[in-house]
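Visitor: Provided herewith is a single structure, encoded as structure tokens, for subsequent inquiry.
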Amino acid sequence: MSPWAWAELRAQEPLRALWLALAAAFLLALLLQLAPSGLLPGCALFQDLIRYGKTKLGAPPRPAVCRAFDVPKRYFSHFYVISVLWNGFLLWFLVQSLFLGSPLPHWLHGLLRILGAAQFQGGELALSAFLVLVSLWLHSLRRLFECLYVSVFSNAMIHVVQYCFGLVYYILVGLTVLSQVPMDGRNGVVIHCNHRIPFGDWFEYVSSPNYLAELMIYISMAVTFGFHNVTWWLVVTYVFFSQALCAFLSHKFYKSKFVSYPKHRKAFLPFLF
């Protein structure tokens, strides 16, 4: 390995370690849920932190101390407000830098260096990061629109830790994209809140096609970066395990709620899982 390649690999370690740790944590949570019920952790906090919305209904009884930290699931829209604003902010600075030659602000440049931004020239990788950041911003804008005008939110809750994690996640993922750039230094009316069994399209294969689509979006971003970008593939790995856990818990909820739930339908990956 050439000296510059080794130096670049070392520079990426903070972000890679973070995404690897997140992926490992969600893998562990998923494996614990797949284990026999007698082996599941009895800690109410653990179950509270991995479940949200409808999946909390299938959890053991929740102590009052856990319910004290609940916030409405409709706060999901806050994630995408933050993402649209923050990642739009980063996208603006990247456009200024790529196409107008303006340097990144000192505070942002310093933050990226701490996170392990690439310190080498590479026009193709810079353009790839631009396309990925545009895709991420458009994805967040679409999800914000869905939260405001499409989604029907019941009185379901999420833990405040999950809420804070969601806010930090969309800030961090945008910084991760930008760190790949080589540098020199509702108004909708709620009709009902009942759950129904959906049919058609992807629902014929998996219970949660939204989680599968989320994974595919991040894989497409990885393809845009190039198959050799280890850092982004660690982001994809985290997304895979976190979405797999959410999909598994949703699948388990549907199977417990509907006796006639399709037996051939998988949780996350068609025909596999």
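Throughout, read-outs are computed from the coordinates displayed, never taken from laboratory work. Quick caveat, the model's predicted, so the values are computed rather than measured. Cβ coordinates were reconstructed from backbone atoms using ideal geometry, including for glycine residues, and neighbour counts include every protein chain displayed.
Visitor: If packing is taken as the average count of other Cβ atoms within 10 Å, what order do 260-268, 128-136, 242-250, 15-23 fall into, highest mean first?
Guide: Descending mean neighbour count gives 242-250, 128-136, 15-23, 260-268.
Visitor: Also: Which of the chymotrypsin sites (Phe, Trp or Tyr not before Pro) found in segment 52-118 are in a DSSP loop and have at most 16 neighbouring Cβ atoms, other than their own, within 10 Å?
Guide: Answer by residue number: Phe69.
Visitor: Over the Cα atoms of segment 69-185, each weighted equally, I'd like the Debye log10 I(q)/I(0) at q = 0.09, 0.21, 0.23 Å⁻¹, rounded to two decimals.
Guide: One equal scatterer on each Cα of segment 69-185 leads to -0.29, -1.09, -1.23.
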